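Everything on this sheet refers to the single structure shown next.
The values are calculated or read from the model by the stated rules, or taken from the named source; none is laboratory data. Source: prediction; values computed, not measured. We place every Cβ from the backbone using ideal geometry, glycine too, and count neighbours over all the protein chains shown. Ligands, DNA and RNA are excluded from the accessible area calculation, which covers all protein heavy atoms including side chains. Shrake-Rupley method; radii C 1.70, N 1.55, O 1.52, S 1.80 Å.
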Amino acid sequence: MDSTGLLVLLVALPVTAAVAWWLRVRSGALRPAGGEGRDAVTGTPAEELVALTGLGVRPEEADLTVVQFSTAFCAPCRATRARLQQLQRARPGLAYVHVDAESHLDEVRALDVRRTPTLFYLDRAGRLLGRSSGAPRPEELTALVEAHTGVRE
Amino acid sequence: MSRSSVPVGAPGAAPVDDPVVDVRGPRFAAWVTSAVLVLALLLGSGWVVGAQAVVFAVGAFAGIRRAPYALLFRVLVAPRLGPVREREPEAPLRFAQLVGLLFAVTGAAGYLLGAPVLGAVATGFALVAALLNAATGFCLGCELHLLLRRVLPARTA
């Protein structure tokens, strides 16, 4: 029995558990942005909105615009993309913009994208409703889409 | 339908140059990897870490489905499970094997070249990544990719 190895093992196991717990709590959870967007007085877009519109995002053209940053080495990105494209077929008010993070590193830094998929949610007024990192939680995503695209049963 | 993890045109199938694998295979492989790395730490054995490095290398360079633990999964585990329900693309998995290989090579070199603390710490990092992947499906190597690209000098495509 190697005592250094045993010590590393005794550190590695709780570290793994802590990261797993953190992922469970935070990954994919919607973080509200607190109504950032165009300044009500000056009409100046917030920093995030400048970066997003620079990518060709046009929030005024849809009830809800979802912008997804993805990388090639990211399995949940593909599942998330498929989920949003599926939602989009049923909700004409939903716009979806897909951004390759690696070819837009300036925007990645400006928007502080650390993980993929990272999603930004914008309403028609250009307000940033919130963001999420990691595969979005299906029930949160569906609720957000239904709340903003005026779906009627 | 075949119960092997050979892709046979899954729904929303990826293009031909982007093969997919049964998602349960890599999770199984991550558990085996974790067990091997725990054994390596307990024995303080650079040879065990080195063997795991070879396994990572095969997965990264020859493809996930040629990796030893994937063969083990196909022969021993998959026949006992139900049909394939979900598949995932191979590219992120191969990249993660490459990151695992870097840590395993560092770990093996540390142990075998007389720096056992370095060997144990590098092996410990590989273990955290493998265990996280096994338990939650989270791919630490894949996440590091964008963070590295962010801090490296701009070479925007």
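Some observations on this one:
- Within the set A:Leu144, A:Leu122, the sole residue that is touching a Ser or Thr at 6+ places or on another chain (Cβ under 9 Å) and more than 10 Å from chain B (Cβ to nearest Cβ) turns out to be A:Leu122.
- Failed item in (1) of a type outside the set (Asp, Glu); (2) at pLDDT below 95; (3) part of a helix (DSSP H, G or I); (4) under 28 Å from B:Ser45 (Cα atoms), with B:Ala104 passing the rest: (2)
- Checklist (1) in contact with a helix residue (DSSP H, G or I) (Cβ under 7 Å, 6 or more places away or on another chain); (2) within 13 Å of chain A (Cβ to nearest Cβ); (3) of a type outside the set (D, E, K, R) applied to B:Pro68, failing item: (2)
- Contact map, the range A:4-18: residues that are within 7 Å of chain B (Cβ to nearest Cβ) paired with residues that are part of a helix (DSSP H, G or I) and open to solvent by 70 Å² or more (accessible area, probe 1.4 Å), Cβ distance under 7 Å, separation 6+ or inter-chain. Pairs shown: A:Thr4/B:Val117.
- Single residue of the range A:31-54 satisfying the filter (modelled with pLDDT under 60 and assigned to a loop (DSSP other than H, G, I, E, B)) that is farthest from A:His104 (Cα to Cα): A:Val41
- Selection of the range B:74-130 for residues being facing another protein chain (nearest Cβ under 8 Å), open to solvent by 60 Å² or more (accessible area, probe 1.4 Å) and more than 25 Å from A:Pro14 (Cβ to Cβ) yields an empty set.
- Of residues in the range B:131-157 being of a type in the set (Val, Ile, Thr) and in a helix (DSSP H, G or I), the one least open to solvent (accessible area, probe 1.4 Å): B:Thr136
- For B:Gly137, the conditions (1) within 12 Å of chain A (Cβ to nearest Cβ); (2) at negative phi all hold with the exception of (2).
- Strands (runs of 3 or more DSSP E) wholly inside the range A:87-153 that include at least 1 residues being in contact with an Asp or Glu (Cβ under 8 Å, 6 or more places away or on another chain) and aromatic (Phe, Trp, Tyr): A:118-123
- Test: residue in the range A:91-100 that is under 23 Å from B:Pro89 (Cα atoms), within 10 Å of another protein chain (Cβ to nearest Cβ) and hydroxyl-bearing (Ser, Thr, Tyr): no
- Unmet criterion (only one of (1) more than 21 Å from B:Arg149 (Cα to Cα); (2) open to solvent by 10 Å² or more (accessible area, probe 1.4 Å)) for A:Ser103: (1)
- Counted residues, the range A:55-77 - those being modelled with pLDDT of 90 or more and within 8 Å of chain B (Cβ to nearest Cβ): 1
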